[in-house]
Amino acid sequence: MAKGTQNKNLDEGNFDFGIIKSETSTDYAQLDLFHRAASPIMLLAQCFAIMPLTGIRRASPRHVHFRFKSVPMIVTVIFMMASSVLTLSMLKFLLNIGVTAKNFVGQVFFTCVQCACILFIDLARRWPPLIRYWTRLELIFTKPPYEVLKRSLSQRVRQPAFILIALSLVEHGLYLSSAIVSYKQRVYYCTENHNATMGVSFDDYIKLNYDYVFILLPYTRFFGIYVLVVNGTCTFIWNYMDLFIMMISRGLAYRFEQISKRICRLEHEDRVPETTFMEIREHYVRMCELLERVDDALSSIILLSCANNLYFVCCQLLNIFNKLRWPINYIYFWYSMLYLVGRTACVFLTAATINDESKSALSVLRRVSSKNWCVEVERLIFQMSTQTVALSGKKFYFLTRRLLFGMAGTIVTYELVLLQFDEPNRRKGLLPLCA
């Protein structure tokens, strides 16, 4: 009878993550939740055809849905069709001229972007139930005895995201500057030294720098603008993979840090009930379960991101070892290489904070006095010390600090292979400018 009475108090139409209707409904707009922290960045990503979800801007995650028949999904499909033209054009171009270590970069770039779009569609399909589960668990950490940390979750998620976006804009701007200056210098040099009748124009610039596209498409001004827009969108998606992993990592690490801070506050208390340690361990286990769910949805993107970073760091290192024609080329390739190395390191170090925070309270637990020692403390110590709490790349590897050094060794190995592969081209030197 009691069970039936309780069920009547739950209004399915207003079901708020298990909160009984008689209680005050949760004001999500006032809470520091991951959904609210990440929503501005995810809305920006939707402008670039990523994460086709509806209801992202709403404060409550119950309004987040994935629908195949929606405007964000239509935008994503249109972009994938548009970018596939560039991917196929590049493939046909490479089949005609042959593959080298340098000209294969474009094919890898477009292929990675296409794969990222597919993986983000799959993630968007799984995101609504995941973010609801995440928010339902986060509500525990928005109330005492858990405290708000010095820097809020929104600040920790958004500030690094906007910094990375700004740095990526500089990198793309330098790429365009390098291409435009190289084009103009070529025109001026060939006009003065070889009596060539060449002029600087938008059409000639597009035909020269994106010649592979016009193997499949006839050149018009519309297609020239189309190539620039699609290429810019691809660059955003290429950066967003790492950005999204960093946002997820910060959201998870923040909650583990709250658990650690709560444990540290207990160190100076004379008497701690066993129920307190039982509650802490329950919350820790639930956070580990959330991490497993997130990892299951995100691990394919992590695997693609790591492979992408490994390849492009090696390629940019290869470029700076070669002789370049203009100073702007050196500026771009050096900045791009440093940016890629920094971005890759930030992804690993940010993701590694999950593992670090999950174990940061171990020393405090091991110093628990005999009068407060209980089975729950022992279980918590065992779980923290033996379980690998970290995101992974399909369980092939876990994103910890140790992996960063392993990846550095892998980069050195592959760079030596690429240098050998590109040795014949480096011996040839620079190609004739006006050929």
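The values are calculated or read from the model by the stated rules, or taken from the named source; none is laboratory data. Here the structure is a predicted model, which means the values were calculated and not measured. With ideal geometry, Cβ positions are generated from the backbone for all residues, glycine too; neighbour counts draw on all protein chains shown. Keep in mind that these areas ignore ligands, DNA and RNA; they rest on the heavy atoms of the full protein, side chains included. Shrake-Rupley method; radii C 1.70, N 1.55, O 1.52, S 1.80 Å.
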What number of residues in the stretch 195-214 are part of a helix (DSSP H, G or I) and surrounded by 13 or more Cβ atoms within 10 Å (Cβ to Cβ)?
9
Would you tally the residues in the stretch 204-227 being aliphatic (A, V, I, L, M) and within 19 Å of residue 187 (Cβ to Cβ)?
2
Out of (1) in contact (Cβ under 8 Å) with a residue 60 or more places away in the chain; (2) over 30 Å from residue 225 (Cα atoms), the one residue 144 does not meet is (1)
Residue 292 being in a helix (DSSP H, G or I), among the acidic types (Asp, Glu) and open to solvent by 80 Å² or more (accessible area, probe 1.4 Å):
yes
With (1) in contact with a strand residue (DSSP E or B) (Cβ under 8 Å, 6 or more places away or on another chain); (2) farther than 30 Å from residue 277 by Cα; (3) open to solvent by 40 Å² or more (accessible area, probe 1.4 Å) as the list, and residue 398 as the residue in question, which single condition is left unmet?
(2)
Return a yes/no flag: does the stretch 74-82 have any residue that is touching a Pro at 6+ places or on another chain (Cβ under 9 Å), of a type in the set (S, T, N, Q) and either under 25 Å from residue 44 (Cβ atoms) or in contact (Cβ under 8 Å) with a residue 12 or more places away in the chain (or both).
yes
Which residues, counting only those in the stretch 257-282, are out of contact with any His (no Cβ under 7 Å at 6 or more places or on another chain), buried (at least 17 other Cβ atoms within 10 Å of the Cβ) and either free of Cβ contacts under 8 Å to residues at least 40 places away in the same chain or not in a loop (DSSP other than H, G, I, E, B) (or both)?
257, 258, 260, 262, 263, 266, 276, 277, 280, 281
Do the conditions hold for residue 329, that is, is it touching a strand residue (DSSP E or B) at 6+ places or on another chain (Cβ under 9 Å) and either exposed (fewer than 15 other Cβ atoms within 10 Å of the Cβ) or at negative phi (or both)?
no
Cβ pairs under 8 Å, 6+ apart, first in the stretch 167-194 and more than 17 Å from residue 327 (Cα to Cα) and part of a helix (DSSP H, G or I), second β-branched (Val, Ile, Thr) and open to solvent by 50 Å² or more (accessible area, probe 1.4 Å):
191/197
So which of 29, 59, 49 ends up being touching a helix residue (DSSP H, G or I) at 6+ places or on another chain (Cβ under 9 Å) and assigned to a helix (DSSP H, G or I)?
29
Looking at (1) open to solvent by less than 70 Å² (accessible area, probe 1.4 Å); (2) closer than 24 Å to residue 297 by Cα, can you tell me which one residue 146 breaks?
(2)
Within the stretch 191-213, identify whether any single residue is in contact with a Gly (Cβ under 6 Å, 6 or more places away or on another chain) and β-branched (Val, Ile, Thr), and answer yes or no.
yes
